2 protein chains.
Amino acid sequence: MNTEIITIGDELLIGQVVDTNSAWMGEQLEKEGFPVVWKTTVGDVGEHLLEAIDKALSRSQIVLLTGGIGPTKDDITRDTLCRYFNSELHFSEEVYADIKRLFEHSGRKINTLTRNQAMVPDACTVIRNYAGTAPCTWFEREGRVLVSMPGVPIEMKWLMMNEVIPRLKSAFHSGVYIHHHTLWVEGYSESELALALKDFEMQLPSYMKLAYLPQAGVVRLRLSAFTGNDGELSDVIAGQHVHLHRLLAGHILSEEDRAPEEMLGRKLLEQGLTVGTAESCTGGRIASLITSIPGSSHYYKGSVIAYANDVKCRVLGVKRQALRSYGAVSRQVVEQMAMKAIRTLECDCAIATSGIAGPDGGTPDKPVGTVWIAAAYGEQLLSTCYQFGTLREMTIVRASNTALIMLLRLLNE
Amino acid sequence: MNTEIITIGDELLIGQVVDTNSAWMGEQLEKEGFPVVWKTTVGDVGEHLLEAIDKALSRSQIVLLTGGIGPTKDDITRDTLCRYFNSELHFSEEVYADIKRLFEHSGRKINTLTRNQAMVPDACTVIRNYAGTAPCTWFEREGRVLVSMPGVPIEMKWLMMNEVIPRLKSAFHSGVYIHHHTLWVEGYSESELALALKDFEMQLPSYMKLAYLPQAGVVRLRLSAFTGNDGELSDVIAGQHVHLHRLLAGHILSEEDRAPEEMLGRKLLEQGLTVGTAESCTGGRIASLITSIPGSSHYYKGSVIAYANDVKCRVLGVKRQALRSYGAVSRQVVEQMAMKAIRTLECDCAIATSGIAGPDGGTPDKPVGTVWIAAAYGEQLLSTCYQFGTLREMTIVRASNTALIMLLRLLNE
């Protein structure tokens, strides 16, 4: 049972839009036993889409399309599907009623282009889209399924969860059971970890696979197993799991493959603690990660983003003397930021960052990429200086992940 | 001249990692006259990669690969390229010297897996990677080029800018000139705009194309032209451009296709103003967007992320009476937040948000997705209530973009 995704749109090819849809779809499909084995992106060119569809349906039982079904002329998916499935368009009263409802709700008028969204191919099953004007269409041929969905993430996600995945599950039994188990391992580089696990990897049965995903000071280690028998599989996995644990004792930061902000959130909830941040070079990214988690208002109080030194002093209360003597990017200042954040925001623990994200501002002894990070919990304090390289975005991303992990470590102690 | 990208790795298919590499590559390549016409993602499966390479080289002159060249067993790109190009591996002293330099610099020891990174196929040109251990390899066959790069973004970007693009430019003259011109249009929905531009679109020559990319209250309108003669093209584009301007008078928010945070940054620099934010439901995302722009320290002072009501009062100075009478998600509170941010952070203008990102916290009169946004500049104040739907992430993203655009509008007045 193979599943493929085709994403459609020039904006994806020329980088105006990053394709986050297919990653999200891959994750959901994989959980449900429909592993994605191939992804293709084509532009708004009918011939290319035809070729991609033809190739995908020749390789795979399930082909999911997103994009290219808006009301405007550059959207070519619907017409291409009509060509591929020798289908004509007809007007769907049902789809039109949905569009009318959507427009009435927001007080807008329906124009001819929007009305045209109710024209659907006659060779398909129409799946209603409650979140937008373009319906989802489901085609079948010789036991294979092609589904066309909107590219707007919110509409695609709604359709996937409520319609497409449930229908796929009733149409197909995938026959393959997949288990992934991912550990967060600290204290090893990717190659050191691979050497430490060389013998373990050699003894794995052929239907199991180990993958190394290095990320901000940890390696995410993914053990995957594929088989036709679910019951048997979970025993085998459990055995290998115990084995891995013995080999990596003391180096496992997490047993779950969750983002650091989610792991931190769970830990804070568990321990009934609140958190705040005092950020300089990360500029609010840590706050933004923490608050990306639903329910974070239970443990997150707030942050002071102190980009200007003056804000560090006036709002947070960092001593001007420390800034003058050691500079903003120093152990003294980042530790004060963390401690003062606890006091200013009245929280139990805090994270602070101060560094040089670049491209300017580096000096010979503090080059671009230098970041001091501190984590504080009550009177306990951890602080470390890192060097994250010369790319601004990378420095901000790595510093933020590292800071979250540092507080997680402090709370684990 | 067609260019394709193949990205490699199970983590991309199962959504553990979002493929941002290919979007970035597409953007750079397009600027240099190498438009990407096809993107493919395959997992860590040799047969799939072989098929993808074969197909891509049959369609396109330039094929760029990223990923799958790490030191561990799950990385299969190098071996697959050896198979495809009938090549053997040999040890490269030059690559090994680079690896040694990199390791000595960071005080780490080279192990056998890392040493193995110096084994390179003999049928290729090796391009040294100063940022990591896996070299870039350049293969040629029958006038076509395949380049294999690391999947680590920082390494891939360095190689693309310093090695791959310059080499492609000297190896190929693309023969096709491409111009994209993107306008940010406000005050129209996607379909309203398409109707307003129907006649304009009809009269466009066949080598020009209009695309509509709706985003957070604006439509990005992209006019593209493709031709073999650069000089002629710029005249034609200029003419169509004047035409578009006349049609959209008063609705053009920007003439440049840049993220709102970048446009705001330019405007602030131009006007010599400083900015700060007071965020509740956006949780630092606006601050994070503003500081993602290099040089933002020239105009960004800082932020107070006031998630807890107590922080809104104590740190920002919002009146407790306003919170009690109107609730945190209200015009009164968000306007106070914006005005107080100007005072607390000592900046010239500020953005404030207060809303219900969900999934919990909604009420019948303030359902999930309700967000009040205010922008303040001196004594001027704009504030509006929005409804961004029921998905937390989407609400945060849309509210942040909308807030940046609101301040931009206020500064444009």
Within the stretch A:68-147, which helices (runs of 4 or more DSSP H) (wholly inside it) include 2 or more residues that are assigned by TED's automatic domain parsing to the domain that holds A:Met160 and more than 20 Å from A:Gly9 (Cβ to Cβ)?
A:93-106, A:112-115
Within the stretch A:337-367, can you find the residues that are crowded, with 23+ Cβ neighbours inside 10 Å and away from chain B (no Cβ under 14 Å)?
A:Ala338, A:Cys349
Within the stretch A:3-29, track down each residue that is charged (D, E, K, R) and either crowded, with 18+ Cβ neighbours inside 10 Å or more than 7 Å from chain B (Cβ to nearest Cβ) (or both).
A:Glu4, A:Asp10, A:Glu11, A:Asp19
The one condition in (1) within 30 Å of A:Gly358 (Cβ to Cβ); (2) outside any strand (DSSP E or B) that A:Ala278 fails to fulfil
(2)
Kindly indicate whether any position in the stretch A:88-108 is touching a Ser or Thr at 6+ places or on another chain (Cβ under 9 Å) and polar (S, T, N, Q).
no
Members of the stretch B:294-319 found to be more than 8 Å from chain A (Cβ to nearest Cβ), buried (at least 22 other Cβ atoms within 10 Å of the Cβ) and under 18 Å from A:Ala357 (Cα atoms), listed by number:
B:Tyr299
Could you check the stretch A:247-267 and list, in sequence order, the residues that are of a type in the set (A, V, I, L, M, F, W, C) and in contact with a strand residue (DSSP E or B) (Cβ under 9 Å, 6 or more places away or on another chain)?
A:Leu248, A:Ile252, A:Leu253, A:Met263, A:Leu264
List the number of the failed condition for A:Cys136; all other conditions in (1) under 14 Å from A:His241 (Cα atoms); (2) crowded, with 16+ Cβ neighbours inside 10 Å hold.
(1)
Please go through the stretch A:267-292 and pick out each residue that is surrounded by 22 or more Cβ atoms within 10 Å (Cβ to Cβ) and more than 9 Å from chain B (Cβ to nearest Cβ).
A:Leu268, A:Val275, A:Ala278
Are any residues in the stretch B:197-209 within 10 Å of another protein chain (Cβ to nearest Cβ) and more than 30 Å from B:Met1 (Cα to Cα), and if so, which ones?
B:Leu197, B:Lys198
Residue that is nearest to B:Leu81 (Cα to Cα), among those in the stretch B:131-145 that are aliphatic (A, V, I, L, M) and in contact with a strand residue (DSSP E or B) (Cβ under 9 Å, 6 or more places away or on another chain):
B:Val145
Please give the number of the condition A:Thr274 fails out of (1) under 32 Å from the mean Cα position of the chain (by Cα); (2) under 19 Å from A:Leu381 (Cα atoms); (3) without any contact (Cβ under 8 Å) to a residue 60 or more places away in the chain.
(3)
With the checklist (1) of a type outside the set (Val, Ile, Thr); (2) more than 10 Å from every other protein chain (Cβ to nearest Cβ); (3) within 23 Å of B:Leu404 (Cβ to Cβ); (4) crowded, with 19+ Cβ neighbours inside 10 Å in hand, flag the one item B:Met160 doesn't pass.
(3)
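Can you say whether B:Glu142 is surrounded by fewer than 21 Cβ atoms within 10 Å (Cβ to Cβ) and in contact with a Lys or Arg (Cβ under 9 Å, 6 or more places away or on another chain), as far as the supplied structure shows?
Numbers: surrounded by fewer than 21 Cβ atoms within 10 Å (Cβ to Cβ): yes; in contact with a Lys or Arg (Cβ under 9 Å, 6 or more places away or on another chain): no.
The answer is no for B:Glu142.
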Determine the pairs where a residue that is free of Cβ contacts under 8 Å to residues at least 12 places away in the same chain and in the same structural domain as A:Leu223 (by TED's automatic domain parsing), located within the stretch A:195-212, has a partner that is surrounded by fewer than 18 Cβ atoms within 10 Å (Cβ to Cβ) and assigned to a helix (DSSP H, G or I) with Cβ atoms under 8 Å apart, the partner being 6 or more residues away or on another chain.
A:Leu195/B:Thr112
Checking A:Ala225 against (1) among the small types (Gly, Ala, Ser); (2) under 30 Å from A:Ala134 (Cα atoms); (3) in contact with a helix residue (DSSP H, G or I) (Cβ under 7 Å, 6 or more places away or on another chain), which test does it fail?
(2)
Looking at the stretch B:367-384, which of its residues are in contact with a helix residue (DSSP H, G or I) (Cβ under 7 Å, 6 or more places away or on another chain), in contact (Cβ under 8 Å) with a residue 40 or more places away in the chain and closer than 15 Å to B:Arg331 by Cβ?
B:Val371, B:Trp372, B:Ala374, B:Ala376, B:Leu381, B:Ser383
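Yes or no, residue by residue, for (1) surrounded by 17 or more Cβ atoms within 10 Å (Cβ to Cβ); (2) part of a loop (DSSP other than H, G, I, E, B); (3) of a type in the set (Val, Ile, Thr); (4) away from chain A (no Cβ under 11 Å):
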{"position": "B:Ser191", "(1), (2), (3), (4)": "yes, no, no, no"}
{"position": "B:Ala211", "(1), (2), (3), (4)": "yes, no, no, no"}
{"position": "B:Arg220", "(1), (2), (3), (4)": "yes, no, no, no"}
{"position": "B:Ser224", "(1), (2), (3), (4)": "yes, no, no, no"}
{"position": "B:Ser234", "(1), (2), (3), (4)": "no, no, no, yes"}
{"position": "B:Ala249", "(1), (2), (3), (4)": "no, yes, no, yes"}
{"position": "B:Leu253", "(1), (2), (3), (4)": "yes, no, no, yes"}
{"position": "B:Gly265", "(1), (2), (3), (4)": "yes, no, no, yes"}
With respect to the numbered conditions (1) surrounded by 18 or more Cβ atoms within 10 Å (Cβ to Cβ); (2) outside any loop (DSSP other than H, G, I, E, B), which one is the sole condition not fulfilled by B:Asp54?
(1)
Apart from one, (1) within 8 Å of another protein chain (Cβ to nearest Cβ); (2) out of contact with any strand residue (DSSP E or B) (no Cβ under 9 Å at 6 or more places or on another chain) all hold for B:Gly46; the odd one out is (1)
Exception for A:Glu32 within (1) more than 10 Å from every other protein chain (Cβ to nearest Cβ); (2) buried (at least 20 other Cβ atoms within 10 Å of the Cβ) falls at (2)
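The values are calculated or read from the model by the stated rules, or taken from the named source; none is laboratory data. On a predicted model such as this, the values are computed, not experimentally measured, just so you know. Using ideal geometry, Cβ is built from the backbone for each residue, glycine included, and neighbour counts are taken over all protein chains shown.
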